[in-house]
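Asks: Right, I'll just put the structure down here and ask away after.
The values are calculated or read from the model by the stated rules, or taken from the named source; none is laboratory data. Since the model is a prediction, treat every value here as computed from it, not as a measurement. All Cβ positions, even for glycine, are placed from backbone atoms using ideal geometry, and neighbour counts span all protein chains on display.
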Amino acid sequence: MKSAYFTKGLRKLLLPILLALLLLGAACSPQVGGPGPVVPPEAAAGDSADIGQNDIAAERPAAEPSAPEDPLVATGDEASQAPPDPTSAPTPGQDTSPSPSQAPPHEESPAASEPPGGQESPSPESPSSPAEQQVTSKPSGSEGDSDNASGPPDGPVVLTIRGGGVDGETTWTLEQLRALSDGYREITYSITNNWPTFNFMSAHGLSLPYLLRQAGLKNDAASIKFTSSDGYGVTLTYNQVFGTYYSYSTHSSSGSGGAEIVEPLIAWEWGDVGKVREENIRPFFGQSGHWDVNTASFVKDLCLIEVSTAPTGAWAAPGASIASGSTVPAGTELELLHDNMDNVRIYYTLDGSEPDYNSPVYNPSTSYFQPDLTKPLALTESLTVKAFAAAYGKDRSPVAAFSYTVE
């Protein structure tokens, strides 16, 4: 009887001890597949807060004046324009010396020039001395193209392509993009920003038209929007993506020459000429002409491409400060007008000929950078002014004509 009481008491004593030991062992054991380290909120937010669309150090093989880069405004165009004229020069009286300016949101005023978009169609002249003009080669380690839909993911998704203009949503890892080796390109782009400054940037990556076709691009696609991880977005028309763009081997404030057709890229390596490094992906586009501002199309930290079938329409034609058909005294000043003057570029002629992307630009800068570069036109003799407006997101405007009799 005593032995039974003793055993029962021993059990009551040992049971809590065993339970305590079991709980202690569970707390100290490493968790397999458990949560990772806690990331502070400021670190989890990533770099989007301090890496906007305008903090690129633009390529600078030539000594051009530094100026604020400007990703919000760029000029677009269509696919049927005359080839660039290597003798094209800046608008008479243009001052290209930089000065401090207050930039709007998403832009910086510190000195930094950034990259460029545009298009045309006839074949241009060959470049005279390209630093790294279009060089096509396969990246090391790639054996042909891979199907995005086959095989397990091979890293984090860096790009999503979706919208009514493609067959269905596709997601892409960097390795899957690299594996599409038939579309790999290495290109040096001539670039112009809204200051304006004129420079160069090199990019290595995948042909954008090639990638969109791999993603199931539909025949009725009308526009393509590029969005960064911080929400900044730029929309281009179908023609502005698949049209003809150029890079110039000589490109400065005095003019451009040596045009070569280049493709737009989705690049994972880019930087100054000779200083290319691996970075987050971003698109790159060529230019339609010397004045074509393509910095806005270089969306940093690209994460989303949306293809739409909705019609984009065209930009409104420019207006004039004096009604067409007026008789004016010699020396009268004429202003060209547009509701989106900071968005579009206005190309014009004074001899009645049709303007194109090699024509002088009425507004080479913006109201928030160098507004003094936009100068009225002095009417010294009877003439007809013709002008059109162009920018990303819509087709170029119709040509407007304004005739004046000068007394």
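For (1) outside any loop (DSSP other than H, G, I, E, B); (2) closer than 25 Å to E175 by Cα; (3) polar (S, T, N, Q), each residue gets a yes or a no:
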| position | (1), (2), (3) |
| --- | --- |
| Y210 | yes, yes, no |
| K225 | yes, yes, no |
| L236 | yes, no, no |
| Q240 | yes, no, yes |
| E269 | yes, yes, no |
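Asks: Additional query: Out of the residues in the range 354-374 that are among the aromatic types (F, W, Y) and buried (at least 24 other Cβ atoms within 10 Å of the Cβ), state the one that is nearest to A259 (Cα to Cα). Walk me through it before giving the result.
Replies: Of the residues in the range 354-374, the ones among the aromatic types (F, W, Y) are 357, 362, 368-369.
Add one more test, that the residue is buried (at least 24 other Cβ atoms within 10 Å of the Cβ), and what stays is 357, 362, 369.
Numbers: Y357: 13, Y362: 23, F369: 28 Å.
Filtering first and then ranking leaves Y357.
Asks: Sticking with this structure for a sec: Go through the range 283-341 and give me each residue that's part of a loop (DSSP other than H, G, I, E, B), of a type in the set (A, V, I, L, M, F, W, C) and within 26 Å of K386 (Cα to Cα).
Replies: Those that are part of a loop (DSSP other than H, G, I, E, B), of a type in the set (A, V, I, L, M, F, W, C) and within 26 Å of K386 (Cα to Cα): W291, V293, W315, A316, A317, I322, A323, A330, M341.
Asks: Scan the range 141-176 for residues that are farther than 16 Å from R282 by Cα, modelled with pLDDT of 95 or more and hydroxyl-bearing (S, T, Y) and report the count.
Replies: Summing the residues that are farther than 16 Å from R282 by Cα, modelled with pLDDT of 95 or more and hydroxyl-bearing (S, T, Y) in the range 141-176 gives 1.
Asks: Among the residues in the range 297-315, are any farther than 30 Å from E175 by Cα, of a type in the set (A, V, I, L, M) and in contact with a Leu (Cβ under 8 Å, 6 or more places away or on another chain)? Walk me through how you get there before you give the answer.
Replies: The first filter runs over the range 297-315 and keeps only residues farther than 30 Å from E175 by Cα, leaving 310-315.
Applying the additional criterion that residues be of a type in the set (A, V, I, L, M) yields 310, 314.
Next, only the ones that are in contact with a Leu (Cβ under 8 Å, 6 or more places away or on another chain) stay: none.
Looking through the range 297-315, none of the residues is farther than 30 Å from E175 by Cα, of a type in the set (A, V, I, L, M) and in contact with a Leu (Cβ under 8 Å, 6 or more places away or on another chain).
Asks: When the range 177-230 is examined, which residues are found to be touching a helix residue (DSSP H, G or I) at 6+ places or on another chain (Cβ under 6 Å), surrounded by fewer than 22 Cβ atoms within 10 Å (Cβ to Cβ) and among the hydrophobic types (A, V, I, L, M, F, W, C)?
Replies: Across the range 177-230, the qualifying residues are A221, A222.
Asks: Only one of these is outside the structural domain of S256 (by TED's automatic domain parsing), closer than 21 Å to G286 by Cβ and modelled with pLDDT of 95 or more: D395, D339. Name it.
Replies: On the way: D339 fails: closer than 21 Å to G286 by Cβ.
Every option except D395 fails the conditions.
Asks: Which members of the range 327-353 meet the condition of being of a type in the set (S, T, Y) and surrounded by 11 or more Cβ atoms within 10 Å (Cβ to Cβ)?
Replies: Quick first cut of the range 327-353, residues of a type in the set (S, T, Y) only: 327, 332, 347-349, 353.
Those that are of a type in the set (S, T, Y) and surrounded by 11 or more Cβ atoms within 10 Å (Cβ to Cβ): T332, Y347, Y348, T349.
Asks: Let me ask something additional. Output yes when any residue across the range 369-385 is outside the structural domain of S254 (by TED's automatic domain parsing), more than 20 Å from S253 (Cβ to Cβ) and touching a Pro at 6+ places or on another chain (Cβ under 6 Å), and no when none is. Show your work before the answer.
Replies: At the first step, the residues of the range 369-385 found to be outside the structural domain of S254 (by TED's automatic domain parsing) are 369-385.
After this cut, where a residue has to be more than 20 Å from S253 (Cβ to Cβ) as well, the list is 376-385.
If we keep only those that are touching a Pro at 6+ places or on another chain (Cβ under 6 Å) too, we end up with none.
Within the range 369-385, not a single residue is outside the structural domain of S254 (by TED's automatic domain parsing), more than 20 Å from S253 (Cβ to Cβ) and touching a Pro at 6+ places or on another chain (Cβ under 6 Å).
Asks: Out of curiosity, is E279 modelled with pLDDT of 95 or more, surrounded by fewer than 17 Cβ atoms within 10 Å (Cβ to Cβ) and assigned to a strand (DSSP E or B)? Even if it seems obvious, please write down each step before you answer.
Replies: Numbers: modelled with pLDDT of 95 or more: yes; surrounded by fewer than 17 Cβ atoms within 10 Å (Cβ to Cβ): yes; assigned to a strand (DSSP E or B): yes.
So E279 fits the description; yes.
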